[in-house]
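Each remark here refers to the structure printed beneath this line.
The values are calculated or read from the model by the stated rules, or taken from the named source; none is laboratory data. On a predicted model such as this, the values are computed, not experimentally measured, just so you know. So basically every Cβ, Gly included, is an ideal-geometry build from the backbone, and we count neighbours across all protein chains shown.
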There are 2 protein chains.
Amino acid sequence: MQGFFEVLTVEQVVRLLSAFAPLPPEQANLQESDGRVLAEDMIAGEDLPLTDRAAMDGYALRAADTFGATESNPSYLQCVGNFDIRTPPNLALQPGQCAGIVTGGMLPAGADAVVMVEYTHALGEGMVEIRLPVAPGAHVMLQGEDVRAGGLLLPTGALLRPQEVGLLAALGKTRIPVRKRPRVAIISTGDELVDVNATPKPGQVRDVNSATLACLVRRAGGTPILLGLAPDELGALRAQVRKALNMADCVLLSGGSSIGICDLTVRVLQSFQNARILCRGVALSPGKPLIVADIAGKAVWGLPGQVTSAQVVMLVLGQAFIRHLQGWKNPFDQALWPQQKAVLAKNIASRQGREDYVRVRLEQESTGEWLAAPILGMSGLLRSLTDAHGLVRIPASLEGLEARRQVDVLLF
Amino acid sequence: MQGFFEVLTVEQVVRLLSAFAPLPPEQANLQESDGRVLAEDMIAGEDLPLTDRAAMDGYALRAADTFGATESNPSYLQCVGNFDIRTPPNLALQPGQCAGIVTGGMLPAGADAVVMVEYTHALGEGMVEIRLPVAPGAHVMLQGEDVRAGGLLLPTGALLRPQEVGLLAALGKTRIPVRKRPRVAIISTGDELVDVNATPKPGQVRDVNSATLACLVRRAGGTPILLGLAPDELGALRAQVRKALNMADCVLLSGGSSIGICDLTVRVLQSFQNARILCRGVALSPGKPLIVADIAGKAVWGLPGQVTSAQVVMLVLGQAFIRHLQGWKNPFDQALWPQQKAVLAKNIASRQGREDYVRVRLEQESTGEWLAAPILGMSGLLRSLTDAHGLVRIPASLEGLEARRQVDVLLF
């Protein structure tokens with residue numbers, strides 16, 4: 001049971017993790033491309049819009065015909081047609097003419113602007129009064145204004161959001177080259193563990209990490225593969241890890257935090273060909289007993305068995321790594337994490353030389369200010385996570401944070 | 001083509017939407033319960049932990065036996081056993097005795113604390129030197145400390161996160177009573193529209209809203225049902241809406257922003273039994289021509305056809321409503337939205353009496369400060385959404401926001 005970890009800094013671990021190659025591309029259906037990263041430049045095959053289109057209900061006209069128009073001194077134009085959305089206009093406007101048009105309708109030739117219906121009055125016999133001057137291009141979406149045919153629609157590396165999916169739809173792109181989503185195998189080790197469905201005997205506990213890790217993987221865009229329990233025994237654990245490596249792009253082992261179990265995990269991982277142990281301990285609390293290995297280019301994580309530690313490691317490093325595999329830029333940047341500014345309710349002490357993540361509960365004061373109350377003295381309890389709204393980071397260089405100091409709460 | 005909207009404030013629309021009943025409960029598998037809302041109180045069936053357990057590797061002992069121990073004046077205890085995780089202890093510690101224990105191991109009777117292995121030294125012949133005093137309860141998770149049998153595990157209305165899923169796993173809860181996820185039918189109307197897979201003729205455009213709305217529904221936890229295109233014709237549109245109401249919990253129609261099309265939508269919705277038009281226009285920009293109807297208890301939305309307007313309505317109201325149907329508390333509260341503080345790069349003008357959402361692009365200055373640059377003059381373009389990182393809200397009471405003012409950018 002003796003031994004010490006060789007501890008890396010969080011930054012060192014981030015550098016090691018960033019060196020893993022992102023997953024290869026695949027073709028996804030448009031509907032499945034949201035939240036994913038483009039693996040190729042997308043080029044527009046045609047202009048968008050395809051033709052000049054009205055952006056408002058009203059009259060298409062030549063802007064010059066409205067110059068100087070006012071409420072008291074309107075312009076008068078001859079309406080030569082009313083085009084509904086079904087009927088592309090079949091005429092060219094001459095000076096002094098206008099045509100009724102609806103939002104989205106194609107502009108007739110000769111027209112260069114639309115006046116909104118609110119500023120007009122139909123006088124009968126095709127005469128229309130225009131009470132407002134409009135500039136050329138007013139309320140018109142010009143052909144190619146959004147994208148020109150042959151132009152770059154979206155670059156390699158772009159993260160697709162609903163609006164990017166919309167832009168791809170507009171150009172008729174239905175198969176999208178994106179980075180694959182990682183399949184992440186999850187194995188819980190520990191001879192005290194029983195399945196969630198089992199009734200534990202004295203000394204046994206149900207496997208919590210499999211359920212929690214699967215949720216965290218899914219939230220980061222990965223696909224969890226639950227392989228269940230493995231015993232704390234070299235041969236059996238090795239067989240399970242081999243199976244995981246065959247099925248998945250990344251493996252999450254979680255096991256007891258005891259030094260003996262860590263040693264076993266390291267021995268199992270070292271037993272594979274092309275295995276390199278990259279990390280054996282990180283200056284992170286909770287989460288210190290973290291193992292990361294590279295086995296033939298795949299990352300295998302030995303996460304702490306303690307649920308709270310495993311979750312903090314996943315929040316700080318694991319979810320970012322799953323996004324890294326999907327091709328995200330700067331996934332480890334915590335600025336991307338939803339956060340809330342708050343004032344610390346109490347002093348928090350921290351050991352220098354390690355990054356501390358303190359679970360806090362947010363409470364709003366009558367002034368509207370948010371107070372972050374540290375959840376102390378129950379580090380191993382599940383309650384300390386379910387009672388918390390987020391984490392406050394104490395950098396490795398500090399010995400703590402004083403009460404009333406402003407902090408960013410990383411929400412979860 | 002004439003007519004005016006009767007416009008409600010955003011707050012009025014929120015009140016109307018909040019009056020819809022959340023969906024009924026269903027039983028979800030544990031793995032599918034993340035992100036959902038509990039429909040019943042969850043009660044613990046047993047203590048958690050089930051027994052006193054060690055939180056560290058070391059020795060279980062009676063704390064009193066270590067009082068006064070120091071580096072130079074250690075306590076000496078007799079080690080009467082070493083318990084691995086597989087073997088529940090079969091003895092009771094007497095004063096002066098200790099037992100080797102690993103993290104997670106069950107404490108032997110008589111022990112009330114664990115001393116970490118780092119502060120001990122095995123001297124041989126079962127003698128152990130303890131160089132640090134420990135308090136009763138040190139490094140021990142007490143039986144029932146997390147939850148007591150019969151106690152409230154999680155209350156009705158709790159939003160389940162990975163850690164709550166873990167807590168449920170720990171108690172062996174595998175079928176979870178949660179509110180249903182809304183099935184949301186999506187119909188695009190507009191005679192100019194063609195399917196994403198089609199090649200548009202002059203005057204036609206591909207249906208963008210179906211793709212975008214489906215992503216937004218999914219991100220809010222709903223299940224989109226894509227019903228495709230419906231013509232701008234009362235009978236056909238009515239048949240499509242009837243089909244949608246039969247299949248779904250909520251219907252999103254999106255159609256041209258033209259007043260004529262709005263009138264058609266209203267006529268279609270009014271033609272159903274037990275239909276009430278709740279909203280015909282909202283003081284929101286973009287997004288003014290919004291229709292909301294209650295048809296026999298189901299919400300039917302007539303969204304603006306313009307993609308940017310439809311997306312803003314979904315971000316400000318629609319996604320929150322989908323969460324409301326799932327039982328979220330305060331889903332319309334924008335404090336829940338991920339945001340970034342930034343300084344406005346330019347003046348933005350806004351019409352008083354309506355809430356304006358201005359698309360902005362974030363740029364980081366050399367000082368580290370974030371600058372929010374409004375994307376102006378391209379309101380109907382898809383680019384104005386894909387170039388943007390978020391929205392800045394201008395309250396209805398203001399005529400604009402000045403440059404250099406601090407703003408919260410609602411990220412999307």
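So which residues in the range A:158-179 are of a type outside the set (A, V, I, L, M, F, W, C) and at the interface with chain B (Cβ under 7 Å from one of its Cβ atoms)?
A:161, A:162, A:163, A:164, A:166, A:172, A:174, listed by residue number.
Scan the range B:393-401 and tell me whether some residue there is touching a Leu at 6+ places or on another chain (Cβ under 8 Å), touching a residue at least 12 places away in the same chain (Cβ under 8 Å), away from chain A (no Cβ under 14 Å) and of a type in the set (D, E, K, R).
Checked the range B:393-401: at least one residue is touching a Leu at 6+ places or on another chain (Cβ under 8 Å), touching a residue at least 12 places away in the same chain (Cβ under 8 Å), away from chain A (no Cβ under 14 Å) and of a type in the set (D, E, K, R).
Out of everything in the range A:206-229 that is within 7 Å of chain B (Cβ to nearest Cβ) and among the β-branched types (Val, Ile, Thr), what residue ends up being nearest to residue B:47 (Cα to Cα)?
Within the range A:206-229, the match that is nearest to residue B:47 (Cα to Cα) is A:208.
Against the condition in contact with a Pro (Cβ under 9 Å, 6 or more places away or on another chain), buried (at least 19 other Cβ atoms within 10 Å of the Cβ) and in contact (Cβ under 8 Å) with a residue 12 or more places away in the chain, how does residue A:299 come out, does it pass?
Considered against the rule, which asks whether it is in contact with a Pro (Cβ under 9 Å, 6 or more places away or on another chain), buried (at least 19 other Cβ atoms within 10 Å of the Cβ) and in contact (Cβ under 8 Å) with a residue 12 or more places away in the chain, residue A:299 comes out as no.
The conditions are (1) at the interface with chain A (Cβ under 9 Å from one of its Cβ atoms); (2) modelled with pLDDT of 95 or more; (3) assigned to a helix (DSSP H, G or I), and residue B:260 fails exactly one of them. Which is it?
(2)
What's the total number of residues in the range A:42-91 that are touching a residue at least 24 places away in the same chain (Cβ under 8 Å), among the hydroxyl-bearing types (Ser, Thr, Tyr) and over 30 Å from residue A:30 (Cβ atoms)?
So the answer is 5.
For the range B:181-198, give me the residue count where each residue is more than 7 Å from chain A (Cβ to nearest Cβ) and either out of contact with any Ser or Thr (no Cβ under 8 Å at 6 or more places or on another chain) or modelled with pLDDT of 95 or more (or both).
12
From the list B:383, B:361, B:323, exactly one residue is modelled with pLDDT of 95 or more, more than 26 Å from residue B:11 (Cα to Cα) and not hydrophobic (A, V, I, L, M, F, W, C). Which is it?
After ruling out the rest, the residue left standing is B:361.
Considering only residues of the range A:45-69 that are within 11 Å of chain B (Cβ to nearest Cβ) and among the hydrophobic types (A, V, I, L, M, F, W, C), which is nearest to residue A:91 (Cα to Cα)?
Only one residue tops the list, namely A:54.
Please go through the range B:236-286 and pick out each residue that is surrounded by fewer than 19 Cβ atoms within 10 Å (Cβ to Cβ) and farther than 19 Å from residue B:6 by Cα.
Listed by number, the residues that qualify are B:236, B:238, B:239, B:242, B:243, B:245, B:246, B:247, B:271, B:272, B:273, B:274.
Which ranges mark the strands (runs of 3 or more DSSP E) fully within the range A:274-370 that have 3 or more residues being under 22 Å from residue A:397 (Cα atoms)?
By residue number, A:339-344, A:355-364.
Any chance you could count how many residues in the range A:317-350 are over 30 Å from residue A:249 (Cβ atoms) and within 14 Å of another protein chain (Cβ to nearest Cβ)?
Residues in the range A:317-350 being over 30 Å from residue A:249 (Cβ atoms) and within 14 Å of another protein chain (Cβ to nearest Cβ): 3 in total.
Among what's in the range A:327-352 and is of a type in the set (A, V, I, L, M) and buried (at least 16 other Cβ atoms within 10 Å of the Cβ), pick the residue that is nearest to the chain's Cα centre (by Cα).
That would be A:336.
Criterion first (surrounded by 21 or more Cβ atoms within 10 Å (Cβ to Cβ), at the interface with chain A (Cβ under 8 Å from one of its Cβ atoms), within 29 Å of residue B:180 (Cβ to Cβ) and not basic (Lys, Arg)) does residue B:38 satisfy it?
no
Return the residues of the range A:109-123 that are within 12 Å of another protein chain (Cβ to nearest Cβ) and either surrounded by 18 or more Cβ atoms within 10 Å (Cβ to Cβ) or among the charged types (D, E, K, R) (or both); say none if nothing qualifies.
Result: A:114, A:117, A:118, A:120.
Listed residues B:176, B:130; which is in contact with a helix residue (DSSP H, G or I) (Cβ under 9 Å, 6 or more places away or on another chain) and farther than 19 Å from residue A:207 by Cα?
It is B:130.
Looking for something among the small types (Gly, Ala, Ser) and either closer than 23 Å to residue A:104 by Cβ or within 14 Å of chain A (Cβ to nearest Cβ) (or both) - is there at least one such residue anywhere in the range B:357-374?
yes
Among (1) part of a loop (DSSP other than H, G, I, E, B); (2) within 13 Å of chain A (Cβ to nearest Cβ); (3) free of Cβ contacts under 8 Å to residues at least 24 places away in the same chain, there is one condition residue B:94 misses while meeting the rest; what is its number?
(2)
Applying the selection to the range B:8-41, what residues are of a type in the set (A, V, I, L, M), in contact (Cβ under 8 Å) with a residue 12 or more places away in the chain and over 26 Å from residue A:201 (Cβ atoms)?
Passing the criteria: B:8, B:10, B:13, B:14, B:16, B:17, B:21, B:23, B:28, B:37, B:38, B:39.
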